[in-house]
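Engineer: Sharing a structure with you now.
The values are calculated or read from the model by the stated rules, or taken from the named source; none is laboratory data. Computed from a predicted model, the values in this text were never measured in an experiment. Quick reminder, even Gly has a Cβ in these numbers, built from the backbone with ideal geometry, and neighbours come from all protein chains shown. Heads up: the accessible areas ignore ligands, DNA and RNA and are worked out on the full protein's heavy atoms, side chains in. Shrake-Rupley method; radii C 1.70, N 1.55, O 1.52, S 1.80 Å.
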Amino acid sequence: MDQSGIRKYFSAVGAAYAAFSAAALASQCVILLLLRAAGVDISSLGTTASLALSMISMYLFGFPVFLALIRRLPPGPVPKEGVKPMSFGWLAVCLLICIGVMEAGNMIGNGLMALTSLISGHKADNTVVTMVLEGDILPVILFSALLAPVFEELMFRRLLIDRIRIFGDRTAIVVSGVMFGLIHGNFYQFFYACGLGMVFAYVYLRTGRVRTTIGLHMAVNTLGGVVGTILLKGLSSGGGQMTAASLMAALGMVFYAFLLIAAAIAGLVLLICLWNQRILLRGPFEIPASRRFQTAFLNVGMMLFVLICVLEFWMNMR
């Protein structure tokens, strides 16, 4: 496969993800229009209904379109060397690294948005955090801790990496991480999602098991989102007054924050110490580092995907 052929291949990959985003956005708009035509006040929809609408548009409409397109590209051969199950100890190490990467990316995203808000004079809300905090806890658990890890790992690890690992592990990790960050559609999540996507991609390449990355993803989302949400809801349960429940939630929040910071520091230290031990295999159609970006992203399909994601970034900053 020559350089032109590789670029066309990545264009087909990008087109599948662009179709997913477009189908999800279009179906969401159609559902909202139908609700408005039925006399439903869209502005009165609660966060739980908004979360359900998001799940329906992505997984019921967007995912089947994506699956039909990505399956037209046959997966490449999986190398036998460098692929083996991870022990529980190594999985624990990977979880700590994930927490460290998540917290570092979270700081970058929040810092960037704070600076942007200061310069523009307009504060951009973190819609995901608002939706999670204001929504009912069961839909949050269903979406954040269960559905999202399964579908996202299938889309951005198994179905993507199986098709691009022939271009080398480095390319697969970078493309998987960047696309995973872009699909989140906002700067608050982009940096930590991009970093986590690269860690998940590496774990998938070394284990060959998507259930391993699904488990890691579920653990990260639970620790980073669900637990904090439960504690914050407990803090607000007293209606501004200190009750036994809110006091326990406050103590739990302090312990949770301390534990998360300690885990993040340990994870980043482990990442630095283990960096030189990483295993990165070359693919049969290895892309040189100098051509990696232009080959993978400067093509019609990928640019269309990036354009749709940038549109979502812009909409979420308004």
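The rows are residues; the columns are (1) at pLDDT 90 or above; (2) more than 30 Å from Val140 (Cα to Cα); (3) open to solvent by 100 Å² or more (accessible area, probe 1.4 Å).
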position: Ala244; (1), (2), (3): no, no, no
position: Met248; (1), (2), (3): no, no, yes
position: Arg278; (1), (2), (3): yes, yes, no
position: Phe297; (1), (2), (3): yes, yes, no
position: Leu304; (1), (2), (3): yes, yes, no
position: Cys309; (1), (2), (3): yes, no, no
position: Arg318; (1), (2), (3): no, no, yes
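Engineer: How many residues are farther than 14 Å from Val65 by Cα and open to solvent by 40 Å² or more (accessible area, probe 1.4 Å) when one looks only at the range 8-30?
Structural biologist: The number of residues fulfilling the criteria is 4.
Engineer: Considering only the range 160-175, state which residues are open to solvent by 10 Å² or more (accessible area, probe 1.4 Å) and among the acidic types (Asp, Glu).
Structural biologist: Residue satisfying the conditions is Asp162 alone.
Engineer: Moving on to the next point. Can you pull out every residue in the range 31-74 that is outside any helix (DSSP H, G or I) and surrounded by 14 or more Cβ atoms within 10 Å (Cβ to Cβ)?
Structural biologist: Result: Leu45, Leu73.
The rows are residues; the columns are (1) crowded, with 22+ Cβ neighbours inside 10 Å; (2) among the hydrophobic types (A, V, I, L, M, F, W, C); (3) assigned to a helix (DSSP H, G or I).
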| residue | (1), (2), (3) |
| --- | --- |
| Tyr192 | yes, no, yes |
| Gly195 | yes, no, yes |
| Val199 | yes, yes, yes |
| Arg211 | no, no, yes |
| Gly215 | no, no, yes |
| Met218 | no, yes, yes |
| Gly224 | no, no, yes |
| Val227 | no, yes, yes |
| Leu231 | no, yes, yes |
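Engineer: Oh, and also: What are the residue pairs meeting all of these: first residue in the range 222-238, first residue at pLDDT 80 or above, second residue buried (at least 16 other Cβ atoms within 10 Å of the Cβ) and of a type in the set (A, V, I, L, M, F, W, C), Cβ atoms under 6 Å, and 6 or more apart or on different chains?
Structural biologist: Qualifying pairs under 6 Å: Thr222/Ala145; Gly224/Met102; Val226/Ile141; Val226/Ala145.
Engineer: Shifting gears a bit: Within the range 81-126, track down each residue that is in a helix (DSSP H, G or I), free of Cβ contacts under 8 Å to residues at least 60 places away in the same chain, closer than 19 Å to Val203 by Cα and open to solvent by less than 70 Å² (accessible area, probe 1.4 Å).
Structural biologist: Answer for the range 81-126, where residues must be in a helix (DSSP H, G or I), free of Cβ contacts under 8 Å to residues at least 60 places away in the same chain, closer than 19 Å to Val203 by Cα and open to solvent by less than 70 Å² (accessible area, probe 1.4 Å): Gly89, Ala92.
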